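Structure first, commentary second.
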Amino acid sequence: MNKHDLPDTIPVFPLPGALLLPRSRLPLHLFEPRYLAMMDDVLKTENRLIGMVQPLEVSGEMDAAKPVPLHRIGCAGRLTSFSETEDGRYMVTLSGVSRFRISEEVDGFAPYRRCRVTWDEFDRDLGSTEMDEGFDRAAFLSSLGRFFDDQGLKTDWESLSEAEDELLINSLSMLCPFEPEDKQALLEAPTLKTRRETLTTLIEFALRGGSVEERMQ
């Protein structure tokens, strides 16, 4: 897909902790009426894009009548598979296309949120698979093993050891149980190398019992 083929306005799905990255896949379970309506409308479009975006963490009380503010950067995914359950819910898969920056939210009659977006900063996302030069896979997997043991997680280590750099780093960024703001940092990493460095930092802090404040410094 070419940048010039991407629409200026897309529906967005604010979901805390859900991370989608270019060339990665994210399964979703849609059941709220507004998102079922979004799904029906997206299926009528040529590009079938949905923007995944993190809600901003806001301190203090918010006006319940106002929508939750959103991070400015999200990632759009193309709806590549879906199935409908007997009770009307959708099980869908989004395939990551490109990150975007929100310019403004669009008012309208749709029950879901829509935003005007720009794709200009993210040409890399529409290119070929990224490599991470200088990636010390053995040391990374060693730290990851300790992290998984600490978190009580299990995985297919043979598949991880054989996965290409981008698939390995992006899959772990999406799947590891980090806080939403940490997920946002992984999303905004400009290159695969910086995403791996961010992921490594998050793993090391978790192993040392570091606080959120320490991670953000």
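The values are calculated or read from the model by the stated rules, or taken from the named source; none is laboratory data. Quantities reported herein were computed from a predicted structural model and do not represent experimental measurements. Please note: Cβ atoms are built from the backbone with ideal geometry, for glycine as well, and neighbour counts cover all protein chains shown.
Looking only at region 88-98, decide whether some residue is outside any strand (DSSP E or B) and either polar (S, T, N, Q) or more than 19 Å from the chain's Cα centre (by Cα) (or both).
Scanning region 88-98, I find at least one residue that is outside any strand (DSSP E or B) and either polar (S, T, N, Q) or more than 19 Å from the chain's Cα centre (by Cα) (or both), so the answer is yes.
Criterion first (within 12 Å of R196 (Cα to Cα), without any contact (Cβ under 8 Å) to a residue 60 or more places away in the chain and more than 17 Å from the chain's Cα centre (by Cα)) does D156 satisfy it?
No, not satisfied.
If you check A139, A163, which single one turns out to be among the small types (G, A, S) and either surrounded by 15 or more Cβ atoms within 10 Å (Cβ to Cβ) or in contact (Cβ under 8 Å) with a residue 12 or more places away in the chain (or both)?
A163
Could you figure out which of (1) more than 25 Å from I50 (Cβ to Cβ); (2) surrounded by fewer than 19 Cβ atoms within 10 Å (Cβ to Cβ) isn't true of R196?
(2)
Could you check region 99-153 and list, in sequence order, the residues that are aromatic (F, W, Y) and at pLDDT 90 or above?
Within region 99-153, F100, Y112, W119, F122, F135, F140, F147, F148 meet the criteria.
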